[in-house]
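> I have a structure I would like to understand better, so I am pasting it below and will then ask my questions one at a time.
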Amino acid sequence: VAGFARVEPELVRALEAALGAANVTTDRAVLEPLGRDETEDLHGWPEVACFPATTEEVSAVLRLANEANVPIVPRAAGSGLSGGAVPVHGGIVLSVKRLDRILEIDEENLIATVEPGVITEKLQQAVEEKGLFYPPDPASKSWCNLGGNVAENAGGPRCVKYGVTKDYVLGLEAVLPSGEVVKTGGKLRKDVTGYDLTRLLVGSEGTLAFLTKIILELVPYPQERRTLMAPFASVREAAAAVARVFQARVTPCACELLTKAAIAAAETRIGPGFPPEVSGAEACLLLEVDGSDADALEKDFLRVGEACLAAGAQDVLVAQSPERARELWRIRRTVGEAVKRLCRYRELDVAVPRSRVPDALDAVDSVLGPLGIRHISYGHAGDGNLHVNILKDALPDAEWTEKLPRACAAIIEKVVALGGTISGEHGIGLVQKDLMPLQLGAAELRLMREIKRVFDPRGIMNPGKLLPDGEGRLIARDLTRRIC
Ligand code: LAC
Ligand code: ZN
């Protein structure tokens with residue numbers, strides 16, 4: 001894609017005419033926070049921010065941007081962890097802030113229709129009041145937006161039983177860079193008419209279109225739940241126990257692996273909260289089972305606990321009340337943020353088949369150990385999804401910059417060899433795009449580039465994200481082999 005145009009005063013005036021002057025700003029104090037998300041070390045500057053309130057207004061902005069060849073960066077809450085919302089080429093940040101209505105909770109069809117700016121937990125609370133459940137629960141659920149969740153195909157602890165965001169999106173309304181409005185899917189659980197454009201747009205990280213309406217499937221709210229913790233004497237044992245839990249033929253609604261360092265980081269930040277037997281152990285599994293039948297749940301709960309003990313757990317502790325369970329989950333949800341405040345870091349978000357979680361952890365150790373680089377890894381082990389936080393600690397800047405890309409590439413090569421993937425839930429965005437050729441072949445990458453061109457011929461939608469910059473411009477494979 002050739003260079004983009006700058007945002008000229010004439011374009012700002014046209015945007016103001018379309019949205020009203022109050023909903024368009026070039027004020028640097030407003031633009032500054034819109035230049036970053038939750039990914040460390042990244043900051044861009046949008047030239048102008050737009051706050052549309054209707055699909056028609058979104059369409060007007062996209063049409064103007066496309067005609068002027070100016071980048072559009074869709075923006076929801078900015079909770080992303082791969083730099084997807086960072087405006088690296090300037091241009092227009094197009095916010096979902098005023099598109100924040102729950103349009104309908106259809107209790108006959110168990111379907112919600114929302115605008116992209118609705119806070120995830122707000123929808124969850126609204127449907128829960130009606131005995132319904134929207135399960136995907138990213139750690140940032142109290143402030144992230146459904147539009148961002150759909151754009152990134154967000155996950156979370158409960159996805160191990162209930163599936164990730166894409167499993168709930170039945171339909172979308174989206175605006176193409178041309179300004180055309182497209183509708184995909186509908187209030188339909190069965191719909192095989194043509195290519196599945198819904199699935200294509202989910203997880204497209206704002207690089208294809210701007211989402212204006214989302215149709216989401218709901219399920220009955222599971223009234224009963226039990227939360228348990230199993231401490232282990234080693235990370236390896238805890239990791240190996242994960243597959244054993246599922247072999248007991250129970251699907252827990254969460255199966256999280258936490259290491260001692262991960263727990264310590266969270267407890268240092270918000271105060272102690274885990275039982276001492278757990279915080280003192282090398283690692284633990286945080287598990288939850290849920291359902292609507294208390295007796296059946298009790299059986300599942302016992303099977304999970306027994307599977308942990310059979311796999312070598314030092315103990316199995318049960319949260320005594322819903323309040324206690326909530327406290328444990330609050331600590332779990334703080335881990336990511338707490339680890340990221342320790343020092344400079346780079347996070348990988350790999351996923352492997354769950355039985356390979358111990359091998360994935362070994363792979364990380366085998367690459368970082370010899371380099372003397374520490375990592376804090378934790379996450380959705382039941383999904384085989386680990387957040388590997390590689391810590392800079394006191395490593396000099398030059399060494400960090402030199403070693404980090406090769407270490408990341410070496411880890412990803414090993415993960416891919418285990419049947420794994422670069423990103424389980426945080427997306428590719430800016431920080432992982434150069435790793436893509438380690439997993440995808442030339443044909444797959446070509447298809448993705450061509451899909452991008454069909455939706456967005458001028459390349460204005462969230463430029464610089466998801467796809468690697470140039471064919472073959474990657475860290476040489478031999479080089480990565482050399483260090484591991
Ligand atoms: C978590 C987020 C960071 O699982 O995905 O903590
Ligand atoms: Zn996560």
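> Could you run the Karplus curve 6.51 cos²θ - 1.76 cosθ + 1.60 with θ = phi - 60° over segment 195-204 and give me ³J(HN,Hα) per residue in whole Hz, x for Gly and Pro?
4, 8, 5, 4, 4, 5, 6, 5, x, 7
> Sticking with this structure for a sec: For Glu38, Glu180, which order do you get if you count the other beta carbons within 10 Å of each Cβ and list the fewest first?
Ascending Cβ contact count within 10 Å gives the list Glu180, Glu38.
> Right, something else. What are the residues whose amide H is under 5 Å from the amide H of Asn385, where those residues sit 5 or more places off or on another chain and H is modelled from the backbone?
Val352, His380
> Once you put a point 7 Å from the Cα of Tyr195 and another 7 Å from the Cα of Ala310, both along the Cβ direction, what distance in nm separates them?
With each label placed 7 Å out from Cα toward Cβ, I get 4.7 nm.
> To the nearest 10 degrees, how steep is helix 397-417 against the longest Cα principal axis of the chain, on a 0 to 90 scale?
Tilt of helix 397-417: around 70 degrees.
> OK, next. Which of the aspartates and glutamates could a cross-linker span from Lys452 if the Cα-Cα distance has to be under 12 Å and same-chain partners fewer than 8 positions apart are dropped?
Glu205
> Which whole-Hz ³J(HN,Hα) couplings does segment 439-447 yield from phi under the Karplus relation 6.51 cos²θ - 1.76 cosθ + 1.60, θ = phi - 60°, glycine and proline marked x?
10, 9, x, 4, 5, 5, 5, 5, 4
> Sequence neighbours fewer than 8 away in the same chain don't count; with that in mind, list the lysines whose C-alpha is under 19 Å from Lys260.
Lys340, Lys392
> What ranking of Lys414, Lys299, Lys187 emerges when the number of other C-beta atoms within 10 Å of each C-beta is taken as an exposure proxy, fewest first?
The most exposed by this proxy come first: Lys299, Lys187, Lys414.
> Moving on to the next point. Calculated from DSSP H runs of 4 or more alone, at -39500 (n - 2.57) each and per residue, what is the 222 nm mean residue ellipticity of the chain, nearest 500?
-11000 deg cm²/dmol
> State the dimensionless ratio Rg/Rh of the chain (Rg: radius of gyration of Cα atoms; Rh: Kirkwood radius).
Expressed as Rg/Rh, it is 0.97.
> Okay, moving on. Quick one: dipole size for the chain, taken about the Cα centre, charges +1 on Lys/Arg Cβ and -1 on Asp/Glu Cβ, in debye to the nearest 20.
820
> Report, in degrees rounded to the nearest 10, the 0 to 90 angle that the Cα long axis of helix 294-310 makes with the longest principal axis of the chain.
70
> On a 0 to 90° scale, report how tilted helix 357-371 is relative to the longest principal axis of the chain, with both axes built from alpha carbons and the result rounded to the nearest 10.
80
> If I take R0 = 51 Å and measure r between the Cβ atoms of Glu104 and Ser234 in this structure, what FRET efficiency does the formula 1/(1 + (r/R0)^6) give, to the nearest 0.05?
0.55
> Over segment 1-135, one equal point on each Cα, no solvent: what is log10 I(q)/I(0) by the Debye formula at q = 0.16 Å⁻¹?
Relative scattering, expressed as log10 I(q)/I(0), comes to -0.84.
> Let me ask you something else. Please arrange Ile119, Ile422 by how many other C-beta atoms lie within 10 Å of their C-beta, fewest to most.
Placing the least packed residue first, the sequence is Ile119, Ile422.
> Ranked highest first by average number of other Cβ atoms within 10 Å, how do 351-360, 334-343, 121-130 line up?
351-360, 334-343, 121-130
> To continue, here is another question. If eta is 1.567 mPa s and T is 4 °C, what Stokes-Einstein diffusion coefficient results for segment 292-385, Kirkwood Rh from Cα pairs, in µm²/s?
80
Every read-out reported here was derived from the displayed coordinates using simple, explicitly stated rules and does not represent laboratory data. Remember, it's a predicted structure, so these values are computed and weren't measured experimentally. Using ideal geometry, Cβ is built from the backbone for each residue, glycine included, and neighbour counts are taken over all protein chains shown.
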